[in-house]
């Protein structure tokens with residue numbers, strides 16, 4: 001089954017990323033996902049971050065709290081609406097992201113080295129189409 005095969009690939013590579021994040025950088029893989037999302041688009045609300053990182057709000061809230069405690073993320077009131085809080089990386093958060101991103105990218109390259117360039121392009125297209133299909137199915141389940 002495709003879902004089972006995808007899970008095995010993700011689990012195997014995910015363990016490598018998790019060990020690296022935890023032992024060398026002192027963050028969880030979930031916290032890494034949040035740092036990566038914030039690096040791409042700073043100034044997000046916690047709800048927006050949860051959606052983009054594909055986590056529920058409770059998981060996001062706990063992980064953001066840990067990132068704030070570690071000095072990697074700050075919460076700042078939204079200008080014009082002080083009740084809403086925006087999340088931004090600190091200088092330390094940006095430095096950690098800059099150090100970790102090339103290592104995660106290398107793991108990605110190493111994994112894909114089993115495929116030709118054409119196969120990688122095909123795989124990326126197929127996975128994009130499957131993601132769109134899955135998101136549509138998830139929307140139907142919640143309707």
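Relative to the longest principal axis of the Cα atoms of the chain, the long axis of helix 29-40 makes an angle of roughly 80 degrees.
Between residue 39 and residue 128, residue separation times 0.36 nm minus the direct Cα-Cα distance comes to 29.8 nm. Using a cutoff of 8 angstrom between alpha carbon atoms and counting only pairs six or more residues apart, the relative contact order for the chain works out to 18 percent. Relative to the longest principal axis of the Cα atoms of the chain, the long axis of helix 117-142 lies at roughly 60 degrees. Axis angle, to the nearest 10 degrees, between helix 91-112 and the longest C-alpha principal axis of the chain: 10 degrees.
Mean silhouette area of the range 2-112, derived from the convex hull of its C-alpha atoms and averaged over all directions, reads 7.5 nm².
Taking every DSSP helix (H) stretch of at least 4 residues in the chain, weighting each as -39,500 (n - 2.57) and dividing the sum by the residue count yields a mean residue ellipticity at 222 nm of -23000 deg cm²/dmol. Remark: the Cα gyration tensor places the range 1-43 in the oblate category, a/c being 1.5 or greater and a/b not exceeding b/c.
Cβ crowding within 10 Å, taken as a proxy for footprinting-reagent exposure, orders 32, 7 from fewest neighbours to most as 7, 32. The peptide list 107-114, 71-78, put in order of mean Cβ contacts within 10 Å with the highest first, becomes 71-78, 107-114. Here the range 90-143 and the range 32-67 have alpha carbon centers that stand 17 Å from each other.
None of the figures in this text is laboratory data; all of them are computed from the coordinates on show. Keep in mind that what you see is a predicted model, and the values were worked out from it rather than measured. Cβ coordinates were reconstructed from backbone atoms using ideal geometry, including for glycine residues, and neighbour counts include every protein chain displayed.
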